[in-house]
Amino acid sequence: MPHHTHDGIDWSARLSGMRRYGALQEEALSAVARRLVALLPDSPVVMDVGCGAGSMSVPLVSALRDHGGGVLVLVDATPELLDAACAAARAEADGAVSVKPVLADLAAEDPLTFAGPVELIWGSRVIHHLPDQLRGVRRLVSALAPGGWLALAEGGLETRFLPWDLGVGEPGLQDRMAAARAEWFVSMREGMTGSVRLPVGWNVALADAGLGEISAFSFVVDHPAPAKQQVRDWAVDRLGWLSEITSSRLHASDRDALRRLLNPSDSEYVGAREDVFLLETDTVHLGRRR
């Protein structure tokens, strides 16, 4: 049986696509990992919550190794993703970093005490999948050592990967899919058992959870056209997922365009187009436990 989380998504089915996406983010995430680990004392304990396929786990291990070693605790609620992240991180650890996987639900009642006090907790696009987001942030804060840091990658700018006019269907397809995705996201959150709105920005949420020294920075992932095939393959993954969650909210002409763009036998197949690219800006919100 597929494993579903609170959002109803079968994340294990997305493993290969997540690996592909992580490879395209690797350079940018490595710089972020080095920036965050530089804040830490010697031999720190770092936790990657909602680690997924390990896109940030490997950069964190590399940064910890260069920092002199430490412990990396990987936390995810999907066993297949946790296994993949652990294997990738241990391959990078080279004996200098201890990698400890933990299968856990961030929305559970029990405290995150399995790692002891933690100097850094990283979470990327995971808190917004919890029913009560502020409660999830507070749970992470409770696991921090005094002076420890919480870094949440949430928000940023809409990911772009298609030209405005594709030559198939009406111009502006990606903008219409973005609006439909926002509607889907609201519906997804409303469908969660125990869902609670978070009607403030992430900086306010971190302050409400008891953190100080709050700041934010953004990083860019940029693979311009003409892009390598790995980017085009990712674009197929991305467009397929967007089609899956938005098609019922789109006009029939947009659904027809999507069928052509996702058909490998079609001349407009997105996986063979030379004008596909990847441009995204993610924001990291940072706070420190007093």
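The values are calculated or read from the model by the stated rules, or taken from the named source; none is laboratory data. What you see is a predicted model, and the numbers here were worked out from it, not measured in a lab. FYI the Cβ positions are ideal-geometry reconstructions off the backbone, even for glycines, and counts take in every protein chain you see. Surface areas here come from the heavy atoms of the whole protein model, side chains and all, with no ligands, DNA or RNA. Shrake-Rupley method; radii C 1.70, N 1.55, O 1.52, S 1.80 Å.
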Expressed in µm² per second, the diffusion coefficient of segment 1-95 from the Stokes-Einstein equation, with Rh the Kirkwood radius over alpha carbon pairs, at 25 °C and 0.890 mPa s, is 180 µm²/s
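Hydropathy first: keep DSSP H helices in the chain averaging at least 0.0 on Kyte-Doolittle, then drop any whose Cα extent along the axis falls short of 18 Å, and list what survives. Can you show the working numbers first?
Details: long enough: 15-37 (28 Å, 0.02); 79-93 (21 Å, 0.41); 173-190 (26 Å, -0.41); 229-246 (25 Å, -0.44).
Long hydrophobic helices here: 15-37, 79-93.
Shape of segment 125-229 from its Cα gyration tensor (a ≥ b ≥ c, root eigenvalues): rounded if a/c is under 1.5, otherwise prolate when a/b > b/c, or oblate?
oblate
Could you give the accessible area per residue of the chain, probe 1.4 Å, as a whole number in Å²? Please list the in-between numbers first.
Details: 13040 Å² over 290 residues.
With the other protein chains kept in place, the chain gives 45 Å² per residue.
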Subtracting the Cα-Cα distance of residue 178 and residue 228 from 0.36 nm times their residue separation yields 15.6 nm
Quickly estimate the mean residue ellipticity at 222 nm for the chain, helices only: each DSSP H run with n ≥ 4 gives -39500 (n - 2.57), and the total goes over all residues, rounded to 500.
-12500 deg cm²/dmol
For segment 206-219, take each phi angle, set θ = phi - 60°, evaluate the Karplus expression 6.51 cos²θ - 1.76 cosθ + 1.60, and give the result in whole Hz per residue in order, putting x for glycine and proline.
5, 5, 5, 7, x, 8, x, 6, 7, 8, 8, 8, 10, 10
Candidates 17, 147, 201: whichever shows maximal mean-square fluctuation once the chain is modelled as a Gaussian network with Cα springs under 10 Å
201
Gain on full stretching of the segment that runs from residue 100 to residue 42 - 0.36 nm per residue minus C-alpha separation:
19.1 nm
GNM of the chain, Cα pairs under 10 angstrom: of 229, 25, 174, the biggest fluctuation goes to 229
Out of residues 5 or more away from residue 153 or on other chains, whose amide H comes under 5 Å of its own, with H placed 1.01 Å from N in the peptide plane?
123, 124, 125, 285
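How much length is gained on full extension from residue 110 to residue 253, taking 0.36 nm per residue of separation minus their Cα-Cα distance?
Values: separation 143, 0.36 × 143 = 51.48 nm, distance 4.88 nm.
Contour length minus the Cα-Cα distance gives 46.6 nm.
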Modelled label reach - residue 142, point 7 Å along Cα→Cβ, segment 82-108 residues with backbone N closer than 20 Å:
102-108
